[in-house]
Every structure is written in C-alpha cells, then in structure tokens.
Amino acid sequence: MKISLFDFQKDALHLLRDKLLAARKFASSDNPQAIAFSAPTGSGKTIVMTALFEAILDEPDDQLAWPLDWQPQPDAVILWVSDMPELNEQTRLKIESQSDRIFRVNQLIPIESTFDAERLQGGRVYFINTQKLGNDKLLTKVGDGRQYSIWTTLSNTAKALPDRFYVVIDEAHRGMAGGRGAKEAQTLMQRFLLGYPEVGLVKMPLVIGVSATPQRFTDLLLHAPHTLYKVAIPPDEVRMSGLLKDRILIHHPDFATAAEIALLEEAARRWMQMTNRWARFCKAEGEQTVWPVLVVQVENGSDKQLTKTSLIDALNVIESAIGRRLNEGEVAHAMHDTGDLDVGCRRVRKVDASRINGDKNIGVVLFKTSLSTGWDCPRAEVMMSFRRAEDHTYIAQLLGRMVRTPLARRIERDAALNDVHLFVPYFDTQAVKKVILSLHNPEEVPPTETGSGRELVVLHRREGTEAEFKALGELITYRVNAARAQSNLRRFMAISRSLTIDEIVETAWAVAKQRITGWMEAQVAGMKTAGQFTAAEQAITRIGLKTLAVQNGTGIAEPEADYSIDASDVDIDRLFDEAGRALSHGLHMNYWQAHADRDALEVKVEVIVLSRHHSAMSALESAAGGAFDELYDSHKKAIGKLKEQRRIAYERLRLATAKPNEVQWHLPESIDFRRLPTAPCWKQHMYVESSGQFRAELGTWETGVLHEELVDTSVVGWLRNVDRKPWSLEIPYETGGDIRPMFPDLVVVRKADSEFAIDILEPHDPSLGDNFEKAVGLARFAEQHGYLFGRIQLIRKLNSPAGGDHFARLEINKTTTIKQLLLITSNPQLDELFAKSAF
C-alpha cells in the first residue's frame, strides 16, 4: 500500500481476512458464503478492500502483521459491483492510486458492453454496474457475434473457482428492497446473491457486501442460503482518526427568510476565508495546496427554465463577496439535464460529480440533486442551499459526502480547518433541528459533531499569553490507548527510517539494520551454545516419515522402519518468508545478506529457528524497545521542530505501546468549542473567540471553584480541559484491571514574580464509584511529575461546620498525601483521608 492504514482499518482488514479464511473453505454455489462489511461513510472502505485484494492476489503489506499461514491466491478473480458507472470509476481510480503492489491498469478492468468471455481471467479485478445488466442490454444477450452472456461468464467463473471468485457488492443497501425468497428477487443485485435460474446464473459462492450499515444486506440474506459473517467498523473510531471533519456548522436565520442572496454572500466570504486559511497552513507545513470548493445547491426548474434560482445573481454576488471576477473554468455544474452554460458571459462547464475533486481549477460547483451518490470531494468545505425546509433529509445525505478531510488527517495548527459549513436561508431553527436529527442516521452520514453555527465556534489563543503557553508546553501529559500497540522491532525500524527520511540522522536506518542483525547473531549464537539450536534445526530441515505395510488379502498392517527426508527448498523458502513477516521490515533479508558468504540454506534456517524461539524474540523486543527510547530521547527536540504531519507520525510511534506514554503537552493555536450564545462570559480563559470573549456553561461545582480561583490576583489564566480532545490534559488511572484516561476539569495558571505555577483542579462528586481510583491515579501522576506543577487538588463540596457549603480541597501534590493515597483501596478510605486532610 502507498499509504499507512489507521488502526481501525487494520482491525477491519484482519477481521475480513479471518472471516474470508473461514468462508472460502466451504464456498460453492450449493453452499454460498457471504460477509457483511459495514463501514461508515468516510471510513476508507475502499482502502481496506484494496489492502485485502493485495493480500489475496499478491502478498500482504508488511505493515499489516499478517498471519504466517496466509496463502495468496494469484489466480483469484474479484468482481466489484455497484449501481452506478461513476461509483465504479471512482473506485477503480482509488485502487489504482492506493496500491503499490499489483494493480496496474491492465489488472483493473471495467466490463463494457462488448465484453465476451467464457469466464473471467484470474489475477484481475473487474468492475460492472447494474445499469449494464438489464434484460435488454447487450451484455445479457448472445448472438450477433457474442458467444457468452455475462450471466454465463459469471456462472462459469463461479463453478471453476468457487473458493477464489470474490463478488463485492458496493453500497450493498442500494437497490435491495426486502425480499422473501427467490420469487421476489427482482433486483439485479439480488441475482448475484440468490441466483437467476431463468438465464443460468448460479448463486455467487463468495459475496462481500460493503455498505454504511449492513441491515438491508443482512435482511435479504435471512431468506437466502448463505452462511453469513459480519465485520463492522465502529463509527467512533472513524471520528477519532481525523479522516472526517470534526464538525458541521449550520448557519441559518431565526426564521425562514427570503434573504437568500445575503446568506450566499456570507457563504462566499466563508469560502474565501477557508481558501486563505488553507493557503497559509499548506505553505507553513510544506503541503500541496488545498483548494476549497463552494457548493451551491440551486432549486429545480421547469420545462421552460433550468432552475428557478437566478444563476446570474448567484455568480455576481459570489464575485462581489470575494472581491474579484471568477476565473475561467473556476465555476462548474453537475446538472444532468444540460451541457455547458453561458451565465452572464461566463462559461459554466459541465463536469461529472466524480471528477470534481481531481480538478483543482474548480472552486464553485452548481448542482440540483445529483451529488449525493458517486461523489467524493474532500475539498468541499462550504455549501449554500436554496432548497426549502422540506428537503432536510436530502441535505443531510449530501453533507455526509462533504465531511472527508482533504489531507486525511485532523489539522492541529488551525481548528477552523476541521469544520465544514452549511448555509440554509429557508431553514428556521426547527427545520435545522430536523437536519441535525437526519445527520444522526449512520446509513448515509458519518459520525461528525453537528450543530448551529451559533453554538459551534473556534477559539484562538488569548492575545498576550505567549509566556503562559510556553510554560504550559513544558508540562507532561499522557495518552492512553491513543495508538495501537506495535512490536518494538517495528517501532525501532520505523523511527530509524523516519529519522533518515527527515534528514535528522541520515545513517539511522542503516545503523538500525546493523544493530538488529547483530542482536540476531547474538541470539543464534546463544541458542547454539545452550544446545537449543540443533533440535529446532532438525525439526525444520528434516521430515520424519512412518510406513505401514498392509498385507494384501488379510488387511493386516505392520509398521516398517521409520526414516527421514530433507525438506524441500520451496518449504524452507516459505518458512523463511513467514519468519520475515514475524520480524518485519525485511529484517530476515538483512540477516541473509549480511551472511552472503555462507551457505544460503543454513542462514535461512537460522532466521526461521530464531523467529520461533520465544525467549530469543523477547530479547530482540527488549533491545529494540530500549533502542527506540534512546533514539527518541536523543532527537525529540529536532522532532518537535518538524512539520505537523511528520511530528504526529513520531508521536504515534512513541505511543504504540501497551502501556500509557507520557508526552510533552502540545496546545494548538486554536481549538473548537461548543457553547450556547447565551452562556456566561468568563475572564482570563487561555482561549477566546474572535470577539475576545470566552463563553461556557460550567457545572455548579466548576463554577464555584472557578469563582474562588479568579479572586486570586496571581491567577493569569485558566483552561477548561475538555474531555477527549487531541490537546486535552490526560492522566491515566486503573479501574478493574484496565487503564483508562481521566481529564481534570480545570487547569489554572498563576504567576509569582517571573515564574509560573500550573495547577490541576478536579472537582469530583464523592458519590461516583471511581473516586478512589482517580485519586490514586492523580497521586501516581504527582509522584512522577509533581515537580512540574503547583497544586494538584481533588475537590468536593461539603457541609461547612459554620453552616452552608464549602469546597474542601485535598492537596495531592505533597509527599505525605501521595504516600497515603497509594495505600487506599476503597472510597470509604478516601472519605476518611478527606475528613482528616482536606482544607
């Protein structure tokens, strides 16, 4: 693969692999198998399927930790079925661009109406759409020079290759009304699943249904003879990955209004702001420039007019808002009922929806209702709709196609680049609520935070707080389960390669290979010295055979003498490749090349034995883990100066361990935030809106504690530490044997003379069951990192002896308190400590 898969994509791929291994053992037209793969919109299902295709037809990518017993099927056939030609073309282009293994143009074959073959050829991926499969279409007929109908071709392929003919139904929910058996199997998609005896089509033996949700696909299969396997990508993991925009901001009037042009003008201004923001970000980060698209949904027309929306007025107001004339080719449309347009002496060219994203000249797209299917445009950042409120479901579906991030990752430097904007002049507050409700439908819409533009805002660092943020950046936070654990060998090789690529240490990769080869040599030598090598070697190179002599006529069987034969070179090579997958990064070949002057078979066997020896591999892992930490610590300053994308890559490697990792607390220039327009204003927050204000609805306890804090004249700033944001201050604690993250509510910055003291304040309800566990987590944090902080306090609201309530504070950042907390095992014990030590 040309790109690295996210952890959730790897998980889905591994599950698909396991289900596929089980399914293809039994697959036949008489015993068909089906896998329902549900992947939320925007989760990268095509990427996952491309990686699966590589593993089937060639070899698994080294990054994917594939099982040693996986056997590729280079003669397998894959048929991708969708209900639109544009979907197929879009998928074909994605596969071609993402795979670095086998997918050349001649292996990705669209089935056209002239296609005629007895069966599909192995080692290829075919694409077909249902529009070519009607009874009146050329593909389904014979005669006039055609020998085989497509149905015959598919049946012949299924019969010849039942365990390696994979039919992938893309967007499997489309076109599948629920059915109750073969008699009701009316749709073309259903024919692949249930067969079509009238034309000789057998049931496809191996079907993978790919959709946003699996419900309709699985409902259909309840009435089919398929054995069903299920694989699902959790929506929350997609959202956390950064593949999708964090938020959809809906801008609307209080009451539906005819002031549509004013909102279009505002949408155009927002489009230009996003364009400028992206230009600044890409220049600073050395990224290829992202050119946002303004999508304008116009009204339907009539027999006499293309649309009721005045296109001349629309383009005029866009030009007025951006302060320039639109360039030639910058405006396009995707309306099927016309060709190129002339709008006020401007050429508005017609484009296919699937081609919009790839054409960087396009900045404004006009359309009616043709973009929700077959459209994938991560550049679409702002949308204006002239549609009426009754179209809320369709608008929600359209937005579901707009929330992919242009760079396939979350932007830290500028939170505004993680938003997508919708302007709807004819939607009042109640209609907007319906849109938001529709956006919670996972069938079409990815899991993205949605709300009114009046509630979702972007906060920037408060002016004059440079010194405070510098002090905050010197602190430590943790990241719990932030990245999937990898072997230390993989992490060490990956960081070494990255240091070389980023020109931090040009020899890092070469030195890492040499070091690991040396470790491998030492482990092999140790096994030989300990007398552990020879038996393991014999088990690989010699195959013991037993013979039974059966007397003809009597049937009496008697054992003959046992004997052994040598393993074949093919067997050794296969085991050597398996060892390479266990070691990763081609380390088996590095070892083999380092010993090129020795017998090749002998060297390969050493690698195989080593890869199967638990204590030897554990020793390699331990050495690689220490080497990783040494490299990271030596070069973390240089890593911290890299561009955002590269710096994040190193951080993910560092976090890819089974235990929580401490990292420098990196606070971005801006953050996203949700608040009501009527929320109270608070002074001295570290992040503020463009107006200079910070509004937030805080809990009763947080409000009371904060009022007490802000009375202190040494307080120069504070931060509402929002849960589970990429920038949040995070502290690990243990509960029920699991490690989980906690997010203390308030971080307070105080200044004494020229020094800053950073406090962690956690108001916490004592009735909650996790009280003592979080207190112990705070104590462990204070034990290791307390010297970096001022106060670390657990706070409760208690009755005061003088009457009324007061906030009792347990100061954790004290040696005596830490020692006491580390001995606590229950909430009553914590209550006793509060009663004795809180003030």
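The residues in region 278-331 that are of a type in the set (Lys, Arg), farther than 14 Å from Gly344 by Cα, out of contact with any Ser or Thr (no Cβ under 9 Å at 6 or more places or on another chain) and not in a helix (DSSP H, G or I) can be counted, and the count is 2.
The lone criterion from (1) part of a helix (DSSP H, G or I); (2) within 39 Å of the chain's Cα centre (by Cα) left unmet by Val505 is number (1).
Mind counting the residues in region 142-169 that are in a loop (DSSP other than H, G, I, E, B) and surrounded by 18 or more Cβ atoms within 10 Å (Cβ to Cβ)?
Quick first cut of region 142-169, residues in a loop (DSSP other than H, G, I, E, B) only: 142, 144-145, 147-149, 161-164.
Narrowing further to those that are surrounded by 18 or more Cβ atoms within 10 Å (Cβ to Cβ): 149, 161-162, 164.
The total comes to 4.
Scanning region 734-746 for any residue that is at pLDDT below 95 and of a type in the set (Phe, Trp, Tyr) turns up nothing. Residues that are open to solvent by 40 Å² or more (accessible area, probe 1.4 Å) and farther than 16 Å from Leu79 by Cα within region 105-141 comprise Thr114, Asn135, Asp136, Lys137, Leu138, Lys141, listed in sequence order.
Counting only residues that are open to solvent by 60 Å² or more (accessible area, probe 1.4 Å) and assigned to a helix (DSSP H, G or I), how many does region 574-593 have? Adding up the residues that qualify gives 5.
Which residue, of Arg491, Arg413, Arg454, is at negative phi, assigned to a loop (DSSP other than H, G, I, E, B) and either modelled with pLDDT under 80 or within 24 Å of the chain's Cα centre (by Cα) (or both)? So that I can check it myself, show each step before the final result.
Working: Arg491 fails: assigned to a loop (DSSP other than H, G, I, E, B); Arg454 fails: either modelled with pLDDT under 80 or within 24 Å of the chain's Cα centre (by Cα) (or both).
Only one candidate passes the filter, namely Arg413.
Among the residues of region 810-831, is any part of a strand (DSSP E or B) and either within 14 Å of His764 (Cβ to Cβ) or open to solvent by 40 Å² or more (accessible area, probe 1.4 Å) (or both)? Let's see the steps before the verdict.
So the first thing to find is which residues in region 810-831 are part of a strand (DSSP E or B), and the list is 810-811.
Imposing the further condition that a residue be either within 14 Å of His764 (Cβ to Cβ) or open to solvent by 40 Å² or more (accessible area, probe 1.4 Å) (or both) reduces the set to 810.
Yes, region 810-831 contains a residue that is part of a strand (DSSP E or B) and either within 14 Å of His764 (Cβ to Cβ) or open to solvent by 40 Å² or more (accessible area, probe 1.4 Å) (or both).
Taking the criterion of being at pLDDT 85 or above and open to solvent by 20 Å² or more (accessible area, probe 1.4 Å), the residues of region 227-242 that qualify are Thr227, Leu228, Tyr229, Lys230, Ala232, Pro234. Filter region 538-565 down to residues that are touching a Ser or Thr at 6+ places or on another chain (Cβ under 9 Å) and farther than 29 Å from Val603 by Cα and give me whichever is least open to solvent (accessible area, probe 1.4 Å). Filtering region 538-565 for residues that are touching a Ser or Thr at 6+ places or on another chain (Cβ under 9 Å) and farther than 29 Å from Val603 by Cα, the one least open to solvent (accessible area, probe 1.4 Å) comes out as Ala561. For region 522-535, the tally of residues that are free of Cβ contacts under 8 Å to residues at least 12 places away in the same chain and under 16 Å from Trp592 (Cα atoms) stands at 2.
With Val351, Val365, Val343 as the choices, which residue is in contact with a helix residue (DSSP H, G or I) (Cβ under 7 Å, 6 or more places away or on another chain), hydrophobic (A, V, I, L, M, F, W, C) and modelled with pLDDT of 85 or more?
Details: Val351 fails: in contact with a helix residue (DSSP H, G or I) (Cβ under 7 Å, 6 or more places away or on another chain); Val365 fails: in contact with a helix residue (DSSP H, G or I) (Cβ under 7 Å, 6 or more places away or on another chain).
One residue alone meets the criteria, Val343.
The set of residues in region 452-481 that are small (Gly, Ala, Ser), buried (at least 16 other Cβ atoms within 10 Å of the Cβ) and more than 19 Å from Val663 (Cα to Cα) comprises Ser452, Gly453. Against the conditions (1) of a type outside the set (D, E, K, R); (2) open to solvent by 10 Å² or more (accessible area, probe 1.4 Å); (3) assigned to a helix (DSSP H, G or I), Ala12 satisfies every one except (2). Taking region 667-717 as the range and being part of a helix (DSSP H, G or I) and open to solvent by 30 Å² or more (accessible area, probe 1.4 Å) as the test, the residues that pass are Thr700, Trp701, Thr703, His707, Glu708, Leu710. Tallying residues that are modelled with pLDDT under 85 and in contact with a strand residue (DSSP E or B) (Cβ under 6 Å, 6 or more places away or on another chain) within region 26-72 yields 1.
With respect to Glu59, determine if the residue is in contact (Cβ under 8 Å) with a residue 40 or more places away in the chain, open to solvent by 10 Å² or more (accessible area, probe 1.4 Å) and over 19 Å from the mean Cα position of the chain (by Cα). So Glu59 fits the description; yes.
Scanning region 24-56 for residues that are polar (S, T, N, Q), out of contact with any Pro (no Cβ under 6 Å at 6 or more places or on another chain) and either farther than 16 Å from Gly209 by Cα or open to solvent by less than 10 Å² (accessible area, probe 1.4 Å) (or both) returns Asn31, Gln33, Ser43, Thr50.
Between residues in region 643-663 that are under 17 Å from Ala408 (Cβ atoms) and residues that are open to solvent by 30 Å² or more (accessible area, probe 1.4 Å), which pairs lie under 7 Å by C-beta distance while being six or more apart or on different chains? Matching pairs, first to second residue: Lys643/Gly286; Glu644/Glu412; Glu644/Arg413; Arg646/Asp502; Arg647/Gly640. Within the option set Lys814, Lys774, being touching a His at 6+ places or on another chain (Cβ under 7 Å) and of a type in the set (D, E, K, R) holds for one residue only, Lys774. Scanning region 263-315 for residues that are open to solvent by 60 Å² or more (accessible area, probe 1.4 Å), of a type in the set (Asp, Glu) and out of contact with any helix residue (DSSP H, G or I) (no Cβ under 9 Å at 6 or more places or on another chain) returns a single hit, Asp303. Sub-7 Å Cβ pairs linking a first residue in region 297-313 that is in contact (Cβ under 8 Å) with a residue 40 or more places away in the chain and among the acidic types (Asp, Glu) to a second residue that is open to solvent by 70 Å² or more (accessible area, probe 1.4 Å) and in a loop (DSSP other than H, G, I, E, B), at least 6 apart or interchain, are Glu299/Lys308, ordered by first then second residue.
Mind checking which residues of region 732-772 are farther than 11 Å from Gly790 by Cβ, part of a strand (DSSP E or B) and in contact (Cβ under 8 Å) with a residue 40 or more places away in the chain? Result: Pro732, Tyr733, Glu734, Ile739, Arg740, Pro741, Leu746, Pro763.
Restricting Ala752, Ala757 to those that are small (Gly, Ala, Ser), in contact with a Lys or Arg (Cβ under 8 Å, 6 or more places away or on another chain) and open to solvent by 20 Å² or more (accessible area, probe 1.4 Å) reduces the list to Ala757.
Pairs meeting the criteria (first residue in region 569-589 and at positive phi, second residue among the basic types (Lys, Arg), beta carbons under 9 Å, at least 6 apart or on different chains) are Ser584/Arg490; His585/Arg490; His585/Arg497; His585/Lys513; Gly586/Lys513. Candidates in region 338-359 are the residues that are touching a residue at least 24 places away in the same chain (Cβ under 8 Å) and farther than 24 Å from Pro406 by Cα; of these, the one that is surrounded by the most Cβ atoms within 10 Å (Cβ to Cβ) is Val348.
The values are calculated or read from the model by the stated rules, or taken from the named source; none is laboratory data. Source: prediction; values computed, not measured. Please note: Cβ atoms are built from the backbone with ideal geometry, for glycine as well, and neighbour counts cover all protein chains shown. SASA here: full protein model, heavy atoms, side chains in, ligands and nucleic acids out. Shrake-Rupley method; radii C 1.70, N 1.55, O 1.52, S 1.80 Å.
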